[in-house]
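Inspection log for the structure reproduced underneath, given as structure tokens.
The values are calculated or read from the model by the stated rules, or taken from the named source; none is laboratory data. Keep in mind it's a predicted model, so treat the numbers as computed, not measured. Cβ: placed from backbone, ideal geometry, glycine included. Neighbour counts: every protein chain shown.
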């Protein structure tokens, strides 16, 4: 009887270990935002900085950006996704999360890599804010010309 209980506890501990250890990891960057993404065994829950995904992102556009790679690979109920997110604004954070999730899915399964690449989710958006130049009002804006 005691041996059976020990076996059951050991199996339960192994299952919990499987749920807690990350399967795959990906880093996404967009402008000044950095998203570190971990895929774990789970039920499709997305947690960003300790908050639920739907409470962290308010707009439908940013929610859709995050969910695109998961919908493309149809892995919505396979993983629990934990994300550590810092820097930037809401839209650039959503772009960073999308790239991080795509990279994590691609490293988890090589078959997903082609579909993600064809959809454009593994392409890095390298656009940054252009710096202000001296003698000008902004990056490209000049001071108003005075003729007299």
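Checking the stated criteria, residue 42 turns out not to satisfy the condition of being surrounded by 12 or more Cβ atoms within 10 Å (Cβ to Cβ), in contact (Cβ under 8 Å) with a residue 12 or more places away in the chain, closer than 24 Å to residue 113 by Cβ and in contact with a helix residue (DSSP H, G or I) (Cβ under 6 Å, 6 or more places away or on another chain).
Yes or no, residue by residue, for (1) surrounded by 15 or more Cβ atoms within 10 Å (Cβ to Cβ); (2) modelled with pLDDT of 95 or more:
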site	(1), (2)
77	no, no
91	yes, no
100	yes, yes
132	no, yes
141	no, yes
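Of the residues that make up the range 4-19, is at least one outside any helix (DSSP H, G or I), in contact with a strand residue (DSSP E or B) (Cβ under 6 Å, 6 or more places away or on another chain) and either modelled with pLDDT under 95 or farther than 21 Å from residue 99 by Cα (or both)? No, because not a single residue in the range 4-19 is outside any helix (DSSP H, G or I), in contact with a strand residue (DSSP E or B) (Cβ under 6 Å, 6 or more places away or on another chain) and either modelled with pLDDT under 95 or farther than 21 Å from residue 99 by Cα (or both).
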